[in-house]
Every structure is written in structure tokens, then in C-alpha cells.
Amino acid sequence: MAEFTCVALPERALLSLQGEDAAGFLNALVSNDVTGLQPGQAAYTALLTPQGKFLHDFFVTPDPHWPGLLLDVVADRLPDLQRRLTLYRLRAKVGIQPVEHVRCFAVFGDVPSGLNGSPAFADPRLPALGWRIWAPGNAPPLDPLSDHAAYEAHRLALGVPDGARDIEVEKGILLENHFEALHGVDFRKGCYIGQELTARTKYRGLVKKQLHVVQAEAGAVLPPAGTAITLDGADVGEMRSSLNGTGLALLRLEAVAKAESDGKKLEAGGLALRVRRPDYAGPPPDGGKA
């Protein structure tokens, strides 16, 4: 029997970009190429400040009903994203409106074929994250429905950031948060807002810290986001989101390498941590151990 997990994501919402200029308008603003998407496909991308700092991340997929795009976004930050996009619209022929009366679901594991949704798309970040389905009404697209914690635990174990929960707004840098490895930035596309810093960070080797998976030893519950992480008493990073004993932390690469080579433990809130670089991220940017 096929085994899959279906989880409702009430924290997500849809923003519609309708009109003949929708794809070109958005493509000029965001970090990834969002043109040429087909039904069942999506792009993961980010909107940055002009200085290249993180503002929003979201998925972009074709609208299945009429010309335009749908943006899968964080619900409580949708008004801010809508406002910012509207400021850039100028004379572009594009309407920007929330989509009402739909619910988001994540399905991962042994995902069945023939998913019904409006729309449904494979998560473009990692195959292990499965599919996103947007279903009208209250009925889940698949039964049984699992607790939200199942998705959170799955995401954290993979080491995947969850937008502004893990990336500081107006401070975070894409490559510190594995956007290239998660297929969220295209270095071959044309100009977009914040491109200069993103490209310089990559080509000049300026990434000095990145997200890691951390676990508390002895199964202890991790401290909250924002808690400082130390090595030999010096701050070397900061906790991000977590669930029970597994979470994410933004850590200095040199500190992770030093702790490993010296056989020492990083600490957060008095807890010793086990640190693991996400499998999808590959080796650290400088080629050192982390």
C-alpha cells in the first residue's frame, strides 16, 4: 500500500497576477526565471531589496484557468508583498489580487498519481518535499490528513528554511540560506532587484555563514529562534525555527569547521548541539569542512 503524508498548510495563501504582462512583469523583479512555466510546474523565487536583502520568498505557477500566474505565499505577509508588487506595476498590464476560498496542502512520501487540485505542482526546491495542492472548499485532496507537525518535522530534517521564520527580512542574504541549492536563484537570467549583491556574494566567495540542521543532545527541546549559539563562549550563530529537538541555525562556516576539527560542541541556551549541513547543500562554499 502506498504511504504518503498529506498536511494542511493554513499559513499559506494565493496571490493572483492576471494579465498579458504578468510573467514579464514579475520576471524583472525576482531572483529566478518565472517565464515558460507549464501546468504542474512551479518556480521558487524571492523578492529582494535594492541592496539585495531578503523580503519575500514564494512559489510561482501558471494559473490553470486564464492567462496569468499564481503566487503561493505566506498568508500573513501577503498584503506586504501585494503592496510592493503594486508599487512596481507602473504601466504593466497586470492585476494583483488575493485568491479567496482555497486551501493549501503539502503531500510528500509515496505521492499518488492523478492529484486533483487547482492548481497542483511539484515542489521545485527538493523532490523529497513532494507536491503542493490548492483545493477549493473544505475537503482535503487526499485522506487521511496528518497533523501540521508532520510537515514541520519533515522540513526541518531536510534543512529547508521557511521564509521569514528562518530568514531575517531586510537582512538575510539568499546564498546564506541555500537559495541556489534550492533552485531559487538563476544566475543566467537578466537583471532583477538586488541582483548585484547576490551575484557578488557568489562570484567573490563572500558567503561566511549558512543555515545548518542542529539537534539538541539527549533529545532536549531546542531554545527559541533568536537564541545565540556559541563556541568557546563566543557568538558564532543564531537559532532559527525548530520543533522539539531538531531545528535550523545560521552558523559561521569557520566556527562549524573549527568545532569539528577540535572535537568541540556548539551550544545554545546551555545545550550542546549536534550540527549537520543539509545534504542537498553540498560542500561549504570555501571547500572547508562544515
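Just so you know, all these numbers are worked out from the coordinates, no wet-lab data involved. It should be emphasised that the depicted structure is a prediction, and the values quoted were computed from it without experimental measurement. We place every Cβ from the backbone using ideal geometry, glycine too, and count neighbours over all the protein chains shown.
Being closer than 24 Å to residue 194 by Cα and either free of Cβ contacts under 8 Å to residues at least 40 places away in the same chain or surrounded by 20 or more Cβ atoms within 10 Å (Cβ to Cβ) (or both) narrows it down to one residue among 87, 78; which is it? Explain how you work it out, then say what you get.
On the way: 78 fails: either free of Cβ contacts under 8 Å to residues at least 40 places away in the same chain or surrounded by 20 or more Cβ atoms within 10 Å (Cβ to Cβ) (or both).
Result of the check over 87, 78: 87.
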Study note, to complete from the structure: Here the residues within segment 130-164 that are assigned to a loop (DSSP other than H, G, I, E, B), more than 23 Å from residue 175 (Cα to Cα) and charged (D, E, K, R) are 143, 147
Check your understanding: When you go through 140, 124, 119 one by one, which is the residue that is surrounded by fewer than 20 Cβ atoms within 10 Å (Cβ to Cβ) and within 24 Å of residue 15 (Cβ to Cβ)?
Key -> 140
Point to revise | Residues satisfying the stated conditions in segment 4-28, i.e. touching a Leu at 6+ places or on another chain (Cβ under 8 Å) and surrounded by fewer than 17 Cβ atoms within 10 Å (Cβ to Cβ) | key: 4
Point to revise | Matching option when the condition is surrounded by fewer than 19 Cβ atoms within 10 Å (Cβ to Cβ) and under 24 Å from residue 225 (Cβ atoms), among 170, 176 | key: 170
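Residues to consider are 55, 81; find the one that is assigned to a helix (DSSP H, G or I) and under 23 Å from residue 173 (Cβ atoms).
Values: 55 fails: assigned to a helix (DSSP H, G or I).
Sole residue among the options that is assigned to a helix (DSSP H, G or I) and under 23 Å from residue 173 (Cβ atoms): 81.
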